[in-house]
Amino acid sequence: MPSPAQTSSAAAPATVAPTAHAAPPAPARNVRSLSGLLPFLRPYRARIGLAGVFLVLAAMSTLVFPVAMKSLIDQGVVAADPGARVMAMREHFFALFGVGAALGLFSALRFYMVTWLGERVTADLRNAVYSHVVMQSPEFFETTQTGEVLSRLTTDTTLVQTVVGSSLSMGLRNAVLGIGAMAMLIATNPVVMTQVLGILVIVVLPSLYFGRRVRRLSRASQDRVADSSAIAAEVLNAIPVVQSYTQEAREARRFDAATESAFGTAVKRTRMRAFLVAFIITATFGTLLWGLYQGTQAVARGDVSAGHLAQTVVYVIILVGSVAALSEVYGDLLRAAGATERLMELLALRSSIASPAHPVPLAPTRGGSSVALRDVTFRYPSRPQHPTLANFNLSVAPGETVALVGPSGAGKSTVLQLLLRFYDVAAGEVLLDGVPIKQLSLDALRGRIGIVPQDSVVFSADAMENIRYGKPQASDAEVIAAAKAAFAHDFISALPQGYQTFLGERGVRLSGGQRQRISIARAILKNPPLLLLDEATSALDAESERMVQAALESAMKDRTTLVIAHRLATVQRADRIVVMEAGEIVETGTHTQLVASGGLYARLAALQFDR
């Protein structure tokens, strides 16, 4: 029976909805959202410092250039003595070349350092988000589509990489250049600079207003891209169903609608940003012309030399160019701020299922673990009004094999999920070996449990590694022994590369029964004291079922086993059969006793056996 996390995923919204365990911060209104990246930048303070040094040196090389050019004009071009002019020009051109070489060297070093930082920080951020997401409880995945998370791991981290590895450095470089050019203009031509500053204030204020609108549209654009990614991930994971129902065209139209929505939002963002760029370039170009006009008037009056005018013009160009570049960088920062918000929302999630601060150690066990559910009431977070289990009581002794049977929706798989502490109960308690599972660390709890789910999971790896997933440190011989116990050895050996054969994504190269036997071998290899079998033989043909049933019966020895099965032939030899209906236990006994009692189990058995 699929869990609610499985059954509701198709209908889940395409955004991360706040849940009971999530407390995402309120969205920021500006680039302050990028402060969330500080913990990821802090470990690389030394490299950031070096990048800053190279950035300042490159900026200083640029700012020295107008001074060198002024000397070239005044002493090498305007000088009266032709001989002195030639010598001076040679010296000044060498000086200019030295400035250019220094600029090239420091710019290359700055580029390497900031690019390294961008790649490193992005990798750390991606790893942190992924590690955090896989620790979330199933409640998180009830309300979040996989494609949404993948979009944040790819698209959003790429935007952050662009900022950390390029835009932020360019912004700092242009900020240093702009401040330096402004300082030089104030020192060399304060009258012109006063006028230029006044014009720049008029330019900056509208830019801030339009910048906030660009940021909001950037966040919306990223959300729409995530919607299309979620649709693609959902459909591609269910492509056999889509094709069997000939819904390819419908899904293509649905994806097209999502991408068109993303495109429309991106066009709005681009239109606003284009207007912002046009305004800034036009205003800054006007500022440049005004400064040039004032400079030519000063030369005509004899107030300054031609070299001084050239120096002033270049500094104004540097200042105006820096302001224009900063407007572009500001747009990138706004987009990255939206991406950072989305990533920080994921990192801010706190799962309601976590290990206690001081877990109780579990004593060693032999012959299986004991299990108890006492007065348990449980509701799935997606269905809080409908209790799945109500005042439920079940005790399983060490080494006992108990089968849970009943109609779909009776709560059988829920019992297994509560034992694994995928969810916490609303009332009552669940115990393993006499200890409430809330007092156990998740590693200790789940380390004692092996599970064979109804839908077998096969990873994109070879057969050896898929089975070894149950015990990563196991030797090849142990893996092969587990495969033999699960009657998987023969078909694995017949594969083209045997145990080294790549099984394809989700095990597409295997039949359903073969995937199930891989899953069973994985659980056998783990060798836990408590084994949970959720329809473990549902995908097997009659012959395979007999083989696997024999293997499972061997694996059940010296351990506790809980078995869920709709096919009652697989549970007849259980020590005890617990019949469930509507979240309650309605019958308990052996197969013979329950058939004789004429209750629900007898009716289910009659439907299956009296054909």
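The values are calculated or read from the model by the stated rules, or taken from the named source; none is laboratory data. Values in this document were obtained by computation on a predicted structure and should not be read as measured data. Every residue, glycine among them, receives a Cβ derived from its backbone with ideal geometry; neighbour counts consider all protein chains shown. Just so you know, the surface numbers come from the protein's heavy atoms only, side chains and all, with ligands and any DNA or RNA stripped out. Shrake-Rupley method; radii C 1.70, N 1.55, O 1.52, S 1.80 Å.
The number of residues in segment 395-419 that are aliphatic (A, V, I, L, M) and open to solvent by 10 Å² or more (accessible area, probe 1.4 Å) comes to 1.
If you check Ala596, Ala602, Ala542 for being modelled with pLDDT of 85 or more, surrounded by fewer than 14 Cβ atoms within 10 Å (Cβ to Cβ), more than 41 Å from the chain's Cα centre (by Cα) and not acidic (Asp, Glu), only one passes: Ala596. Within the set Arg448, Arg374, Arg366, the sole residue that is surrounded by fewer than 18 Cβ atoms within 10 Å (Cβ to Cβ) and either without any contact (Cβ under 8 Å) to a residue 12 or more places away in the chain or over 23 Å from Ile577 (Cβ atoms) (or both) turns out to be Arg366.
Every residue, every condition in (1) within 30 Å of Leu63 (Cα to Cα); (2) without any contact (Cβ under 8 Å) to a residue 60 or more places away in the chain, yes or no:
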| position | (1), (2) |
| --- | --- |
| Arg254 | no, yes |
| Ala262 | no, yes |
| Leu276 | yes, no |
| Val299 | yes, yes |
| Val304 | yes, no |
| Leu333 | yes, no |
| Gly338 | no, no |
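Provide a single number: the residues in segment 567-580 that are in contact with a strand residue (DSSP E or B) (Cβ under 9 Å, 6 or more places away or on another chain) and either modelled with pLDDT of 90 or more or open to solvent by 60 Å² or more (accessible area, probe 1.4 Å) (or both). Selection size over segment 567-580: 8. Pairs linking a residue in segment 113-127 that is of a type in the set (Lys, Arg) to a residue that is in a helix (DSSP H, G or I), with Cβ atoms under 8 Å and 6 or more positions apart or on different chains, are Arg120/Tyr44; Arg126/Leu153; Arg126/Thr157. One residue stands out among those in segment 472-513 that are basic (Lys, Arg) and farther than 16 Å from Leu525 by Cα: the one that is most open to solvent (accessible area, probe 1.4 Å), which is Arg509.
Which of the residues belonging to segment 326-351 are open to solvent by 20 Å² or more (accessible area, probe 1.4 Å) and either assigned to a loop (DSSP other than H, G, I, E, B) or touching a strand residue (DSSP E or B) at 6+ places or on another chain (Cβ under 7 Å) (or both)?
Kept after step one, since they are open to solvent by 20 Å² or more (accessible area, probe 1.4 Å), are these residues of segment 326-351: 326, 328, 330, 332-333, 335, 344-345, 347-348, 350-351.
Selection gives Arg350, Ser351.
Hey, can you tell me all the residues within segment 365-384 that are in a loop (DSSP other than H, G, I, E, B) and either closer than 12 Å to Leu432 by Cα or touching an Asp or Glu at 6+ places or on another chain (Cβ under 7 Å) (or both)? Within segment 365-384, Thr365, Gly367, Gly368, Ser369, Ser370, Pro381, Ser382 qualify. Exactly one residue out of Ser460, Ser456 is closer than 22 Å to Arg517 by Cβ, polar (S, T, N, Q), open to solvent by 50 Å² or more (accessible area, probe 1.4 Å) and not in a strand (DSSP E or B): that is Ser460. For the subset of segment 413-448 comprising residues that are out of contact with any Ser or Thr (no Cβ under 8 Å at 6 or more places or on another chain) and assigned to a strand (DSSP E or B), which member is farthest from Ser351 (Cα to Cα)? Restricting to residues being out of contact with any Ser or Thr (no Cβ under 8 Å at 6 or more places or on another chain) and assigned to a strand (DSSP E or B), the top hit is Val435. Can you find, within segment 496-519, the residue that is farthest from Met464 (Cα to Cα) among those that are touching a strand residue (DSSP E or B) at 6+ places or on another chain (Cβ under 8 Å) and touching a residue at least 60 places away in the same chain (Cβ under 8 Å)? Filtering segment 496-519 for residues that are touching a strand residue (DSSP E or B) at 6+ places or on another chain (Cβ under 8 Å) and touching a residue at least 60 places away in the same chain (Cβ under 8 Å), the one farthest from Met464 (Cα to Cα) comes out as Gln516.
Of all residues in segment 163-175, none satisfies being open to solvent by less than 40 Å² (accessible area, probe 1.4 Å) and more than 25 Å from Phe54 (Cβ to Cβ).
Just name the residue that is nearest to the chain's Cα centre (by Cα) out of those in segment 125-140 that are surrounded by fewer than 17 Cβ atoms within 10 Å (Cβ to Cβ) and assigned to a helix (DSSP H, G or I).
Within segment 125-140, the match that is nearest to the chain's Cα centre (by Cα) is Tyr130.
Being part of a loop (DSSP other than H, G, I, E, B) and surrounded by 14 or more Cβ atoms within 10 Å (Cβ to Cβ) is the filter here, so list the residues in segment 239-250 that pass it.
If the condition is that a residue be part of a loop (DSSP other than H, G, I, E, B) and surrounded by 14 or more Cβ atoms within 10 Å (Cβ to Cβ), then Gln247 is the only one that fits.
Would you check if Val316 is closer than 28 Å to Leu37 by Cβ and part of a helix (DSSP H, G or I)? Considered against the rule, which asks whether it is closer than 28 Å to Leu37 by Cβ and part of a helix (DSSP H, G or I), Val316 comes out as no.
Residues in segment 56-92 that are modelled with pLDDT under 75 and part of a helix (DSSP H, G or I): 21 in all.
Does at least one position in segment 251-266 carry a residue that is assigned to a helix (DSSP H, G or I), of a type in the set (D, E, K, R), open to solvent by less than 30 Å² (accessible area, probe 1.4 Å) and within 21 Å of Ser166 (Cα to Cα)? Within segment 251-266, none of the residues are assigned to a helix (DSSP H, G or I), of a type in the set (D, E, K, R), open to solvent by less than 30 Å² (accessible area, probe 1.4 Å) and within 21 Å of Ser166 (Cα to Cα). Residues in segment 345-363 that are touching a residue at least 60 places away in the same chain (Cβ under 8 Å), farther than 24 Å from Gly450 by Cα and of a type outside the set (D, E, K, R): Leu346, Leu347, Ala348, Leu349. Just a yes or no: is a residue in segment 261-277 at pLDDT below 75, out of contact with any Leu (no Cβ under 9 Å at 6 or more places or on another chain) and within 30 Å of Thr194 (Cα to Cα)? So far as segment 261-277 goes, yes, one or more of its residues are at pLDDT below 75, out of contact with any Leu (no Cβ under 9 Å at 6 or more places or on another chain) and within 30 Å of Thr194 (Cα to Cα).
Only one of (1) assigned to a loop (DSSP other than H, G, I, E, B); (2) under 22 Å from Ser137 (Cβ atoms); (3) out of contact with any strand residue (DSSP E or B) (no Cβ under 7 Å at 6 or more places or on another chain) is not met by Leu362, so which one is it? Of the numbered conditions (1) assigned to a loop (DSSP other than H, G, I, E, B); (2) under 22 Å from Ser137 (Cβ atoms); (3) out of contact with any strand residue (DSSP E or B) (no Cβ under 7 Å at 6 or more places or on another chain), the odd one out for Leu362 is (3).
Contact map, segment 573-596: first residue free of Cβ contacts under 8 Å to residues at least 24 places away in the same chain, second residue surrounded by 14 or more Cβ atoms within 10 Å (Cβ to Cβ) and of a type in the set (D, E, K, R), Cβ cut-off under 6 Å, separation 6 or more or different chains; pairs are Leu594/Glu587.
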